[in-house]
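The values are calculated or read from the model by the stated rules, or taken from the named source; none is laboratory data. Since we're looking at a predicted model, the values are computed, not measured. Every residue, glycine as well, gets a Cβ built from its backbone with ideal geometry; the counts of neighbours run over all protein chains shown. With ligands, DNA and RNA removed, areas are computed over all heavy atoms of the protein, side chains included. Shrake-Rupley method; radii C 1.70, N 1.55, O 1.52, S 1.80 Å.
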Amino acid sequence: MSFQRQLASGKFVVLAEMNTPKGVNVSELVANSRRIKGRVDAVTIPDMDNGVMRMSALAGGALIHQQGMEPIIHVYCRDRNRMALQGDLLAAHMLGIRNLIVVPGEEMANGDHRDAVEVGDIDERELIGAIQSLQNGIDMAGFSLNGSPEFTTGCTLGAFTDDHSLELELEKLKEYVAAGARFIVTPPVFDVDYFSGCLPKIAALNVPVIATVFLLKSVGIARYMALNEPGAHISEEMIIRIRKAPDREMECLRIAGEITAALKKLVQGVKIETLGWEHKLPTILGFAGL
């Protein structure tokens, strides 16, 4: 069953995120995807979202498609103008890519090509509208297409620290959904109880919600995120749990699995991010009972 049909049917979906290589050696990407084939419903491919130059998501999505798995690629407005974005979207369709997530790209100051010029020709709402227009057979200049692409397009909820910042993010999401977004991907969830209290406001947009599960990997990463990303809502109890564990790495994997299992009762899907530890995905899925 396709990702689109799974969303429409209300089936719980499991997505695994995998970055393309910084180079042309795709053996690790292919090997990691094969490890989870049949255990996840789709693989999400970022497109240099973090400002680090890598192989494009178009190639990554095509490789995942070749492995007999369903790809979902990230698209955003930082690096391309409206012509390039539309051309890549048409190419994505021809490469077998039918699913997109419109995301904000991080500033170049945080990446490895700090002298690169950001484009920002259009914003996320306009991009979602452009995707919808292409599916209707019209480009952004108003010209008819010779054959139209088909996509299931999602958007992302920005990080929030309290009810006020959540409301501001939801105002953006209302525009994205009105423009054509068909599912929402949340920021990483660490405090399931807190997230469940916020969920009714997100679910009120009446599109499927896919929660992000982020593998912390170490006490240091957990502590850093707790101090510098207050929207993460990482508790001191979780940090102590990792620190006191006999096998800290395994404990991090177990926590990710437990969060995944807990979210299965609340949302329509999860997206698991491991940031370089994609070979550990089978273990997380095992702890989650998936």
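In whole percent, and with a 1.4 Å probe on the protein chains, what portion of the accessible area of the stretch 53-99 is carbon and sulfur? Write out the running numbers ahead of the final one.
Details: 1130 of 1830 Å².
Of the solvent-accessible surface of the stretch 53-99, carbon and sulfur hold 62 percent.
For D193 and L275, what does the FRET efficiency come to when R0 = 35 Å and r is the distance between their Cβ atoms, rounded to the nearest 0.05? Walk me through the numbers before you get to the answer.
On the way: r = 25 Å, r/R0 = 0.71.
After rounding to 0.05, the efficiency reads 0.90.
Could you let me know the centre-to-centre spacing of the stretch 122-194 and the stretch 206-265, using Cα atoms, in angstrom?
The stretch 122-194 and the stretch 206-265 have Cα centres separated by 26 Å.
For the chain, find the longest principal axis of its Cα atoms and tell me its angle to the long axis of helix 219-228, 0 to 90°, nearest 10.
Once rounded, one gets 60 degrees.
Straight-line reach from K265: which lysines have Cα under 30 Å away, leaving out those fewer than 8 places along the same chain?
Filter leaves K11, K37, K172, K174, K201, K217, K244, K280.
List the GluC sites (Glu not before Pro) within the stretch 119-158 that fall in a DSSP loop (any state other than H, G, I, E or B) and whose Cβ has at most 13 other Cβ atoms within 10 Å.
E150
Taking the alpha-carbon set of the chain, what are its Rg and Dmax in Å?
Both quantities, over Cα of the chain: 18.5, 63 Å.
Please give the contour-minus-distance gain from A204 to R223: 0.36 nm per residue of separation, less the Cα-Cα distance, rounded to one decimal in nm. Mind showing how you got there, number by number?
On the way: separation 19, 0.36 × 19 = 6.84 nm, distance 3.27 nm.
Net length gain for the segment: 3.6 nm.
What number, in percent, do you get for the relative contact order of the chain if the mean sequence gap of Cα pairs under 8 Å and at least 6 apart is divided by its residue count? Spell out each step's value before the answer.
Values: 518 pairs, mean separation 51.9, N = 290.
Relative CO of the chain lands at 18 percent.
Can you tell me the accessible area per residue over the chain, all protein chains present, probe 1.4 angstrom, in square angstrom? Present the calculation step by step, with values, prior to reporting the outcome.
Working: 13320 Å² over 290 residues.
Each residue of the chain exposes 46 Å² on average to a 1.4 Å probe.
At 1.4 Å probe size, what's the solvent-accessible area of M140? Round to the nearest 10 Å².
Surface accessible to solvent at M140 totals approximately 70 Å².
Return one number: the angle in degrees, 0 to 90 and rounded to the nearest 10, between the long axis of the Cα atoms of helix 248-263 and the longest principal axis of the Cα atoms of the chain.
So the helix axis and the longest Cα principal axis differ by about 60 degrees.
Say a site is exposed when it is one of the trypsin sites (Lys or Arg not before Pro), sits in a DSSP loop, and has at most 12 other Cβ atoms within 10 Å; what is then the longest site-free stretch of the chain?
Values: sites that count: K22, R114, K265.
Between exposed loop sites, the widest span is 115-264.
Between 0 and 90 degrees, rounded to the nearest ten: what's the tilt of helix 82-94 against the longest Cα principal axis of the chain?
With rounding to tens, the tilt is 80 degrees.
Amide H to amide H under 5 Å from T44: which residues, 5+ apart in sequence or cross-chain, H placed 1.01 Å off N in plane?
So T44 has HN proximity to A16, E17, M18, I72.
First measure r as the distance between the Cβ atoms of M94 and S235, then evaluate 1/(1 + (r/R0)^6) with R0 = 35 Å and state the FRET efficiency to the nearest 0.05. Numbers along the way, then the final one.
On the way: r = 46 Å, r/R0 = 1.33.
Given R0 = 35 Å and the Cβ-Cβ separation, E is 0.15.
In percent, how large is the relative contact order of the stretch 88-159, given Cα pairs closer than 8 Å and 6 or more residues apart?
Values: 63 pairs, mean separation 29.9, N = 72.
Over the stretch 88-159, the number comes to 42 percent.
Under 11 Å from a label point 7 Å along Cα→Cβ of H113: give me every residue in the stretch 27-48 with its amide N that close.
Those under the cut-off are 48.
At I138 and E167, where each label point lies 7 Å from the Cα along Cα→Cβ, what is the point-to-point distance in nanometres?
Using points 7 Å along Cα→Cβ, the separation is 3.6 nm.
Among bridges DSSP assigns within the stretch 61-161, what percent are antiparallel (round to 5)? Don't skip to the answer; put the middle values down first.
Values: 1 of 9 bridges.
Close to 10 percent.
What number comes out for the charge environment of V103, summing +1 per Lys or Arg and -1 per Asp or Glu over other residues with Cβ under 9 Å away? Working shown, then result.
Numbers: positive: none; negative: D47, D49, E124.
Computed value for this residue: -3.
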